[in-house]
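K.L.:
The structure is given below, and queries will be raised subsequently.
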Amino acid sequence: MIVSLTLILLAQLLGEVAARAAGLPVPGPVIGMALLLAFLVLRDRTRPASTRVLPPPLVDGGLEGTAKGMLAHLSILFVPAGVGIVGKLDVLASHGVALALVLTVSVTLTLAATVLTFVAVSKVMDRR
């Protein structure tokens with residue numbers, strides 16, 4: 001588990017360093033997630049060699065188990081956000097309508113973009 005957590009945090013750190021060094025408008029953890037995905041793809045495509053080179057937790061399912069464990073407790077990460085909202089109730093009271101409008105519009109646009117992307121990918125997959 002320690003090796004798996006180290007790899008996950010290292011990918012996030014490398015993503016943050018890359019984002020800040022290159023001045024990219026993409027958050028570091030997103031770049032780190034892409035790096036972790038690249039690692040997993042490379043690991044799975046070179047399975048016999050990766051088994052000899054990498055430590056066992058990274059090839060025997062330990063990484064996946066650690067990630068599932070983190071996802072099972074993901075709701076804990078929302079506690080600081082809730083505390084932050086409670087700490088700024090005065091801002092919420094004065095700008096509540098504007099915040100609600102912005103949230104409604106952003107959720108609607110996100111759902112529309114998701115639906116359009118799903119439809120486009122479905123059409124591409126049907127052509128194959």
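K.L.:
Does the range 26-47 contain any residue that is touching a Gly at 6+ places or on another chain (Cβ under 9 Å) and part of a loop (DSSP other than H, G, I, E, B)? Quick ask: steps written out before the conclusion?
P.N.:
Our first condition is that a residue be touching a Gly at 6+ places or on another chain (Cβ under 9 Å); within the range 26-47, this holds for 26-36.
If we keep only those that are part of a loop (DSSP other than H, G, I, E, B) too, we end up with 26-27.
Within the range 26-47, one or more residues are touching a Gly at 6+ places or on another chain (Cβ under 9 Å) and part of a loop (DSSP other than H, G, I, E, B).
K.L.:
Among the listed residues M33, M1, which satisfies the condition of being without any contact (Cβ under 8 Å) to a residue 60 or more places away in the chain and surrounded by 11 or more Cβ atoms within 10 Å (Cβ to Cβ)? Please lay out each step first, then the result.
P.N.:
Details: M1 fails: without any contact (Cβ under 8 Å) to a residue 60 or more places away in the chain.
M33 is the lone residue from the list that is without any contact (Cβ under 8 Å) to a residue 60 or more places away in the chain and surrounded by 11 or more Cβ atoms within 10 Å (Cβ to Cβ).
K.L.:
Also, I was wondering about something else. Does any residue of the range 36-49 turn out to be within 16 Å of T6 (Cα to Cα) and open to solvent by 80 Å² or more (accessible area, probe 1.4 Å)?
P.N.:
Our first condition is that a residue be within 16 Å of T6 (Cα to Cα); within the range 36-49, this holds for 36-37, 39-40.
Add one more test, that the residue is open to solvent by 80 Å² or more (accessible area, probe 1.4 Å), and what stays is 37.
Yes, because at least one residue in the range 36-49 is within 16 Å of T6 (Cα to Cα) and open to solvent by 80 Å² or more (accessible area, probe 1.4 Å).
K.L.:
Being outside any helix (DSSP H, G or I) and either open to solvent by less than 70 Å² (accessible area, probe 1.4 Å) or in contact (Cβ under 8 Å) with a residue 60 or more places away in the chain (or both) is the filter here, so list the residues in the range 52-75 that pass it.
P.N.:
If we filter the range 52-75 for residues that are outside any helix (DSSP H, G or I), which is where we start, we get 54-55, 59-61, 73.
Across the range 52-75, the qualifying residues are L54, P55, V59, G61.
The values are calculated or read from the model by the stated rules, or taken from the named source; none is laboratory data. From a predicted model like this one, the values you see are computed outputs, not experimental measurements. Here the Cβ is made from the backbone with ideal geometry for all residues, glycine too, and neighbour counts use every protein chain on show. The area values use the complete protein model at the heavy-atom level, side chains included, leaving out ligands, DNA and RNA. Shrake-Rupley method; radii C 1.70, N 1.55, O 1.52, S 1.80 Å.
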